[in-house]
Amino acid sequence: MSRKKISKGKKTGARPQVSVTSGTESFPAWLTNQRLHLIAIFSLAFLLYANTLSHDYALDDAIVITENMYTSEGISGFPGILSKDTFFGFFKEEGKAQLVAGGRYRPFTLLLFAIEVQLFGTQPWVGHLMNILYFGLTGIVLYLLLLRLFRLRFSAGKAYFVALAATLLFVAHPIHTEVVANIKGRDEIISLLGSLSALYFCLRAYLEKKPRWNLLAGVLFFAALLSKENAITFLAVVPLTFYFFTKAKTGNILKQLAPLAVAAVVFLVIRFSILGFSLGEAPRELMNNPFLKIVGTQWVPFSFGEKMATILYTLGKYLQLLVFPHPLTHDYYPKHIYLMSWGDWQVLLSLIAYIGLIVYAVRGFRRRDPVSYSILFFLLTISIVSNILFPVGTNMSERLIFMPSVGFCLAIAILAWRLQKQLGEKLVPVFASISLIALLFGIKTVVRNQAWEDNFTLFSTDIYHSPNSAKLRNAMGGELLTQSLKPGNESTQQAMWQEAVGHLQEAIRLHPTYKGAYVLLGNAYNYLKQFDQSIAAYQQALQISPGDQLAEDNLAITYRDAGKYAGETRGNLQLATQYLQQALQMRPNEAETLRLLGVAAGMGGQHQQSIDYFSRVTELTPNSATAWFDLGVAYIQSGQPQVGQIYIDRAKEIDPNIEAQRRQGQ
């Protein structure tokens, strides 16, 4: 590479550095200002996501932070994080953590979250800030890696142009909002950051002949694997990169790859020792296996053709979102995307697109065309999350394209460079076009970030884009119920409950055996005091999942609430007793149910039964003044005032104000 020369103009007080010449090329000085580029990249990343700093936790943050028993313990939770499935700390039960085939072992980011909790408590702004910083650092590493790679084979002008253009597009691309704006998305960020850094130091080790960079590469790659398993695709990306950009022989490439291979083996040994040596079978639950269809009353797997057509559709959807990222949604669960066939034009278009990409990549492989490299990078990194090799638990997700998008952005940058060459060295206009695209991407990113403010904002925004997602309908219904119970929403509760019912009924229409939706529907009907509908919903949930603890508990509560409502509001003691007996059958030692039965019996003139019920209440709650007072009143009503007074006096010993409170109706 020839030495750069600075051409100097007349000293008129303007900037002395006007352009840089490299060989026969001449280009603006800003194009080779590496420090300026690094500042611009990191600043862009920070500015685009600064509006997330005021956001709350959202979506799966509960799984890895707020409701994870290990993360919430801070550093004392390290042993649990390292020794269990990533989801175990949330579900807290053996087996549930592996609802998704193969389980998940991603402890590294949970360790980071635990450290943040230890230092700052559960402060969402800390998590959002760290995500932004890690994302900005990822942009810097990507730029430095691309710059070094392209300077090995191409002119300095092309290297700087491609590195800067690709990185700006990557940082600004709105499809990354799910990863950066959602704190849980840090697993994707660290996985890519660690993988790119490992490749960067492998390259330095090769060029500088310094083995210490190999060791550092292995450590960084191990951290990437511990963040998310898709980093393992870099075992193919690294040798591919050496082939395209260096003159290294096969033996030398394998030497550079060795530390990463060792890290991968160690990771897999640890993973399989904790989760077992199996990727697991796809579950028969639509929310954890999208490739199911209902035949009669049974869920059965898609045929091979149906599955491949649906997968190909999602792969085409990824390409569309990379080119035109609108609309964006966090939810692509069934039936937002559902069964596709080879007769669907979208499937055929996707097939043609991918055949074209593969043909181009193969044809350019021998001449080491960097666009071919970009395509292969994309295909290799998307393969592991495509559902082709094994199920990932969902049709698709914007976070899953985070790593593959590097290949897309790189291809666009290379093609932009070729375009400016064909236009007669029109570098500035072409780069201005790239900058305009990045600007439009950035605007979309800032706007999309707003949806990630909290669960309610996210769900209520995306429900318009994913109306046929059973999972989102269920989530929207559940969040409406949660929000309705918060202080200040009393005047809108009824409307929120009715709206929740609508979403949950739609979730059940889309997914007829959706146990969770039936439970939430039962809750909504309970709040609306439509108790028979509530009972029916819980019973349906128990028919789908016999013995489900939450459904059983809520059903017992609803029988009790229905009995109380029938007696106090409707004055129907017979109906009240029927409901309460059902509640008692499910929960024989539930004090409130026994108390209500005692009241109903007393009002019905069945004084001995009333005494029996209240006696059991005092056995269950011996320190309750109310329990002893009720027992005393029951004895008095049965014609035994002396005995009754003994129990009332005992109640006064516990709470001297109990009699006055009862007179006031408390």
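The values are calculated or read from the model by the stated rules, or taken from the named source; none is laboratory data. These numbers were taken from a predicted model, which means no experiment stands behind them. Cβ placement follows ideal geometry from the backbone for every residue including glycine, while neighbour counts extend to all protein chains displayed.
A few notes on this one:
- Entirely in the range 14-125, the helices (runs of 4 or more DSSP H) that have 1 or more residues that are modelled with pLDDT of 95 or more: 34-49, 78-83, 107-120
- Considering only residues in the range 461-504 that are over 21 Å from the mean Cα position of the chain (by Cα) and acidic (D, E), the one that is nearest to L286 (Cα to Cα) turns out to be E499.
- Here K486 does not qualify as under 21 Å from L596 (Cα atoms) and not aromatic (F, W, Y).
- Some residue of the range 374-384 being of a type in the set (V, I, T), without any contact (Cβ under 8 Å) to a residue 40 or more places away in the chain and either within 27 Å of L292 (Cα to Cα) or out of contact with any Leu (no Cβ under 6 Å at 6 or more places or on another chain) (or both): no
- The C-beta contact set for the range 448-461 (first residue assigned to a helix (DSSP H, G or I), second residue crowded, with 20+ Cβ neighbours inside 10 Å and β-branched (V, I, T), distance under 7 angstrom, 6+ apart or interchain) comprises R448/T177; N449/T52; N449/T177; W452/T52; W452/T177.
- Filtered residues of the range 209-228 (kept if over 20 Å from S405 (Cβ atoms) and either modelled with pLDDT under 95 or not in a helix (DSSP H, G or I) (or both)): K209, K210, P211
- From S341, S350, S386, residue being in a loop (DSSP other than H, G, I, E, B), out of contact with any Asp or Glu (no Cβ under 9 Å at 6 or more places or on another chain), modelled with pLDDT of 95 or more and small (G, A, S): S386
- The set of residues in the range 538-594 being charged (D, E, K, R), within 22 Å of L504 (Cβ to Cβ) and not in a helix (DSSP H, G or I) consists of D548 alone.
- Residue in the range 640-651 that is in a loop (DSSP other than H, G, I, E, B) and within 12 Å of H607 (Cβ to Cβ) present: yes
- Filter result for the condition that a residue is surrounded by 15 or more Cβ atoms within 10 Å (Cβ to Cβ), within 26 Å of S397 (Cβ to Cβ), of a type in the set (S, T, Y) and at pLDDT 95 or above, over Y527, Y514: Y514
- Residues considered: Q574, Q637. Of these, the only one that is in contact (Cβ under 8 Å) with a residue 12 or more places away in the chain, of a type in the set (S, T, N, Q) and surrounded by fewer than 17 Cβ atoms within 10 Å (Cβ to Cβ) is Q637.
- Contacts under 7 angstrom Cβ, first residue in the range 226-241 being touching a residue at least 40 places away in the same chain (Cβ under 8 Å) and assigned by TED's automatic domain parsing to the domain that holds R151, partner of a type in the set (S, T, Y) and surrounded by fewer than 21 Cβ atoms within 10 Å (Cβ to Cβ), 6 or more apart: T233/S383
- Residue in the range 116-168 that is farthest from the chain's Cα centre (by Cα), counting only those that are closer than 30 Å to E73 by Cα and among the hydroxyl-bearing types (S, T, Y): T138
- Condition check for L594: outside the structural domain of D649 (by TED's automatic domain parsing), within 21 Å of Q661 (Cβ to Cβ) and in contact with a Phe, Trp or Tyr (Cβ under 8 Å, 6 or more places away or on another chain): yes
Residue-wise test of (1) within 21 Å of Y318 (Cβ to Cβ); (2) surrounded by fewer than 23 Cβ atoms within 10 Å (Cβ to Cβ).
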residue: F154; (1), (2): no, yes
residue: Y160; (1), (2): no, no
residue: A166; (1), (2): yes, no
residue: H173; (1), (2): yes, no
residue: E178; (1), (2): yes, no
residue: D187; (1), (2): yes, no
residue: S191; (1), (2): yes, no
residue: A198; (1), (2): no, no
residue: L207; (1), (2): no, yes
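- Of the set (1) farther than 24 Å from F324 by Cβ; (2) in contact (Cβ under 8 Å) with a residue 60 or more places away in the chain, all apply to L389 but (2).
- Test: residue in the range 421-439 that is outside any helix (DSSP H, G or I) and at pLDDT 95 or above: no
- Residue check, A231 modelled with pLDDT of 95 or more and either polar (S, T, N, Q) or over 12 Å from T381 (Cβ atoms) (or both): no
- Selection within the range 209-229: residues that are surrounded by 24 or more Cβ atoms within 10 Å (Cβ to Cβ) and not basic (K, R). The member of this set that is farthest from G251 (Cα to Cα) is S227.
- All of A524, A517 fail the test of being part of a helix (DSSP H, G or I) and in contact with a Phe, Trp or Tyr (Cβ under 7 Å, 6 or more places away or on another chain), apart from A524.
- Residues satisfying the stated conditions in the range 256-306, i.e. in a helix (DSSP H, G or I) and free of Cβ contacts under 8 Å to residues at least 40 places away in the same chain: A261, V265, L268, V269, F272, S273, F304, G305, E306
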